[in-house]
1. How do 137-146, 257-266 rank on mean C-beta neighbours within 10 Å, highest first?
2. Using a simple charge model, +1 on the beta-carbon of Lys and Arg, -1 on the beta-carbon of Asp and Glu, nothing else, what dipole does the range 27-139 show about its Cα centre, in debye to the nearest 20?
3. Determine the percent antiparallel among the DSSP beta bridges restricted to the range 48-165, to the nearest 5.
4. Check GLY41: other-chain or 5+ apart residues with amide H under 5 Å from its amide H, H built from backbone geometry?
5. Taking LYS425 as the anchor, which lysines have their alpha carbon closer than 22 Å to its alpha carbon, excluding any fewer than eight residues away along the same chain?
6. To the nearest 20 debye, what is the magnitude of the charge dipole of the range 38-87 about its Cα centre, counting +1 on the Cβ of each Lys and Arg and -1 on the Cβ of each Asp and Glu?
7. May I ask you to evaluate 6.51 cos²θ - 1.76 cosθ + 1.60, the Karplus curve with θ = phi - 60°, for each residue of the range 183-198 and list the ³J(HN,Hα) values in order in whole Hz, giving x for glycine and proline?
Amino acid sequence: MTARALRALACAAAVVLLPAGCGLPDLADLPLPGGAPKGDGYAVTAEFADVLDLVPQAAVKVDDVTVGSVERISLDGWTARVTLRLDAKVRLPANATAAVRQSSLLGEKYVAVAAPPTGAASDRLADGDVIPLPRTSRGTEVEEVLAALGLLLNGGGLAQLRTINRELSAALDGREPAVKDTLHQLDTFIGGLEKQKADLVRAIEALDRLTTRLNQQKQVLGDAVDSLAPGLTTLAGQRAQLTGALTALGELGQVGTRVVNRSRDNTVASLKALQPILEQLVRAGDDLPKSLDFMLSFPFPPNVTGAVVGDFVNLSITADLDAASILANLLAAAPPPASTTRPPTGSTPNRPPAAGGDRPTPRPGTGPGSGTNPLLPGLPILDCLPDPDDFPAIWTPPKDCLLPKGCVLLKPGSIIPIGGLILPKGLVPRGTVFPPGTELPAGTILSPQCVLPVTGAIDGVIGGLTDVLGGGLRP
């Protein structure tokens, strides 16, 4: 039987069966074009920057399942607005996404609606909602892929890959350890950046706050810059004068250098000439400031104000009423005037006693309560000064000298204690426990206890009758 006969037989059978009740299917049972939902459903508008060749009645799919169709496509400026009709049973989050996809390489376009990858909203997508442009996208067209491939193959540098590979191999040949070390260092560097990520983020945030603050004060900064304009204009006008001043300053430096070089010898000589004066000032010690203090109230001591009352001065005298001293002073012959100041030239005062002999008579005024009295050999004559030829480092006078406790004499060259007194010429001045004019080796140092306090009153003077008659008890 030929094909033509078979087709004729089939048509005859169909004609026979139609009156017998095999009618056409109900159109209500057929699916709507494009997968449109049965019933009303709900409409959602999606905004696209490019819908390609999407057409109305195209399918709308969720997880590759058709749940609706494209109802209308319109243009709003440069944005395409696609109205999607979805089945009422489809439940999607309010922040759902939409994308234009292609069913196959040469297939039709459809719209894929899906929940966002992360952070799905709790609300549901409802009728009239809009999927904005940031949540829509489109797939890549085959034409775009082929165009990119053609660009790569036609002058895109593919032919140079072999050259690049060969040159790179030649550059790295024999340097593998160095390259590996470089990669390790780069890994360490990136690891350090990773550990300091929080600090870097904090620094960037601080920089952001700074730029925000500067942006807020943009007007203030602008006013400050504008206010600099007059000053800059003045500086620009005086540029020649400033340049001349700097040039003159450089010349002044050269002149100063010449002056210093030429006067160097004279300056050194002047400093050397000052050395003796400075040495004498050092040796003077506290004498200079004490004398300056005394000069302000001459002829009275500096603290005489406590003793001056009106037009008179209060004085107190302590008399030594030792009977032996009084008797010796009354019966003693007055010494020669020359012996009251210093011994004859070449004589040695207060020599220590010779072996087996008596102590020599001390020079008048060489100690408290001392004197020359050959007529009364039974009265004690005290030796209260050291031997100048055998001066010890620290000489402590005997207790019989009746000197204050702690009053000692230090050998010349010793360290001067605080409050002590140095004798540059070896003569004891007024204001000590020793009679004025007493000779000692030059440079002898008296301890502070040997120096009488400077007051407005005389606390006590120890001496004989001859000292009183000769004025030795003057303050």
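Throughout, read-outs are computed from the coordinates displayed, never taken from laboratory work. Keep in mind that what you see is a predicted model, and the values were worked out from it rather than measured. All Cβ positions, even for glycine, are placed from backbone atoms using ideal geometry, and neighbour counts span all protein chains on display.
1. Going by the mean number of other Cβ atoms within 10 Å, highest first, we get 137-146, 257-266.
2. On the way: 12 positive and 14 negative charges, 25 e Å.
The dipole of the range 27-139 has a size of about 120 debye.
3. Antiparallel: roughly 80 percent of the beta bridges in the range 48-165.
4. When sequence neighbours closer than 5 places are left aside, the close amide H contacts are ALA88.
5. LYS290, LYS411
6. In total the dipole reaches around 160 debye.
7. Running phi through 6.51 cos²θ - 1.76 cosθ + 1.60 with θ = phi - 60° gives 5, 5, 5, 5, 5, 4, 4, 5, x, x, 5, 5, 5, 9, 4, 5 Hz.
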